[in-house]
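Visitor: Mind looking over this structure? Questions follow.
The values are calculated or read from the model by the stated rules, or taken from the named source; none is laboratory data. If you're wondering where the values come from, they're calculated on a predicted model, not measured in any experiment. When we count neighbours, we look across all protein chains shown, and the Cβ atoms used for this are built from the backbone with ideal geometry, even at glycine.
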Amino acid sequence: MHKTITSSYLKWAGGKKGLVFILDKLTPKNIERYFEPFLGSGAFFFYLVQTRKKFQAILSDSNFELINTYKELRDNVNELIEILHEHQENYNKNMEKYYYYIRDAYVPKNNTELAGRFIFLNKSCYNGLYRVNKSGNFNVPHGRYINPKICNREKLMECSELLRIYEVEISCNVYRNTTSKCENNDFVYFDPPYFPISKTSKFTDYTKESFGILEHNELAKEFERLSDIGANVILSNSNSDYIKTLYKKYDIIKIKSSRNINCNSKKRKDHYDLIILNHDRKTKDEKIISKIQSTNTKNILKRE
């Protein structure tokens, strides 16, 4: 167990860095195999590997560039750091010009350079948002930063070590191909693209294949299948009536969260997420709820 918890090396819109304490309290005490098929920043995974006994981890995402970055971080971290250091120096000379050059014109020569491009754009784009157009091209505008840290050597080395010492299995795959390997007592954490709660909040273009209402319905069916075989599952989603209906037979918890991709900072607060679980963690016990609340005072837990 680490005394200081290393967070993810990525800045990620919708990342779970602020919710890991609550998720941890809702997680089964003993984990032997952990599946996270919508990996994103991997904030919850990085928290678990530093606070729990060693377990087998199977991580995946349908975003090829993201998964390539994880693999390069694990296998070629020193070369990756050199590339990011060069990006940092060039970016500091003319931030906006260099950003759009890397986004629109730069062609990586290998997978390590591709990973360097991914991290550079992640650190310098608008609020860590990952969005592509129908052609699959990254189209997020330049962020509003004074001096973003493109190359955080210490954190990159720490995350690389965690991926290596745990011999993590990392693959580019749709979630169903990953969870098809699940068995009784495995632990699965789903963090899919959130169901939109308004027309203006719609965001499904994480990859060129959107994740819409049909996909959320299919995910709910997979949640039920995993429940039937005895897997322990937690799912995060938006505070949507539709999502509540899809998972009405399961335990639903509403937690206060923020929306860091909103251009208006005042509108980033006072939002709620849903956490849905299929296993008995005695969450109706007031002592458990109180403990979750006190762990992270910024998140307010409410029973649906």
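Visitor: Would you confirm, using the coordinates I've provided, whether residue 177 is at negative phi and modelled with pLDDT of 95 or more? Walk me through it before giving the result.
Guide: Details: at negative phi: yes; modelled with pLDDT of 95 or more: yes.
Yes: the conditions hold for residue 177.
To keep it simple, each residue is scored yes or no on (1) buried (at least 22 other Cβ atoms within 10 Å of the Cβ); (2) under 10 Å from the mean Cα position of the chain (by Cα); (3) not polar (S, T, N, Q).
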position	(1), (2), (3)
17	no, yes, yes
28	no, no, yes
33	no, no, yes
41	yes, yes, no
62	no, no, no
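Residues are listed down the side, and each one gets a yes or a no for (1) more than 15 Å from residue 68 (Cβ to Cβ); (2) within 19 Å of the chain's Cα centre (by Cα); (3) not in a loop (DSSP other than H, G, I, E, B):
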residue	(1), (2), (3)
91	yes, no, yes
98	yes, no, yes
103	yes, no, yes
108	no, no, no
158	yes, yes, yes
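Visitor: Whether any residue in segment 52-71 is of a type in the set (Val, Ile, Thr), assigned to a helix (DSSP H, G or I), closer than 17 Å to residue 119 by Cα and without any contact (Cβ under 8 Å) to a residue 40 or more places away in the chain is what I want to check. Talk me through it step by step, then tell me what you get.
Guide: Pass one, segment 52-71, residues of a type in the set (Val, Ile, Thr): 58, 67, 69.
Applying the additional criterion that residues be assigned to a helix (DSSP H, G or I) yields 67, 69.
Narrowing the set further to residues that are closer than 17 Å to residue 119 by Cα leaves 67, 69.
Still in the list and also without any contact (Cβ under 8 Å) to a residue 40 or more places away in the chain: none.
No, that holds for no residue.
Visitor: Restricting attention to segment 76-91, and to residues there that are without any contact (Cβ under 8 Å) to a residue 40 or more places away in the chain and surrounded by fewer than 19 Cβ atoms within 10 Å (Cβ to Cβ), which single residue is farthest from residue 132 (Cα to Cα)?
Guide: From segment 76-91, those without any contact (Cβ under 8 Å) to a residue 40 or more places away in the chain are 76, 78-79, 82-83, 86, 89-90; that's our starting set.
Filter once more, keeping what is surrounded by fewer than 19 Cβ atoms within 10 Å (Cβ to Cβ): 76, 78-79, 82, 86, 89-90.
Values: 76: 26, 78: 28, 79: 27, 82: 27, 86: 25, 89: 26, 90: 24 Å.
Only one residue tops the list, namely 78.
Visitor: Can you tell which of 83, 170 is among the β-branched types (Val, Ile, Thr), in contact with a helix residue (DSSP H, G or I) (Cβ under 9 Å, 6 or more places away or on another chain) and not in a helix (DSSP H, G or I)? It would help to see each step written out before you state the result.
Guide: Working: 83 fails: not in a helix (DSSP H, G or I).
Unique residue meeting the criteria: 170.
Visitor: Take the residues in segment 14-26 that are touching a Phe, Trp or Tyr at 6+ places or on another chain (Cβ under 7 Å) and part of a loop (DSSP other than H, G, I, E, B), then tell me which one is modelled with the lowest pLDDT.
Guide: Our first condition is that a residue be touching a Phe, Trp or Tyr at 6+ places or on another chain (Cβ under 7 Å); within segment 14-26, this holds for 14, 16, 20, 23-24.
After this cut, where a residue has to be part of a loop (DSSP other than H, G, I, E, B) as well, the list is 14, 16.
On the way: 14: 69, 16: 81.
Here the residue is 14.
Visitor: Ok, one more. Looking only at segment 28-51, count every residue that is part of a helix (DSSP H, G or I) and either under 19 Å from residue 171 (Cα atoms) or free of Cβ contacts under 8 Å to residues at least 40 places away in the same chain (or both) and tell me the total.
Guide: Taking segment 28-51 first, the residues part of a helix (DSSP H, G or I) are 43-51.
Going one step further and asking which of them are either under 19 Å from residue 171 (Cα atoms) or free of Cβ contacts under 8 Å to residues at least 40 places away in the same chain (or both), we end up with 43-46, 48-49.
Matching residues across segment 28-51 total 6.
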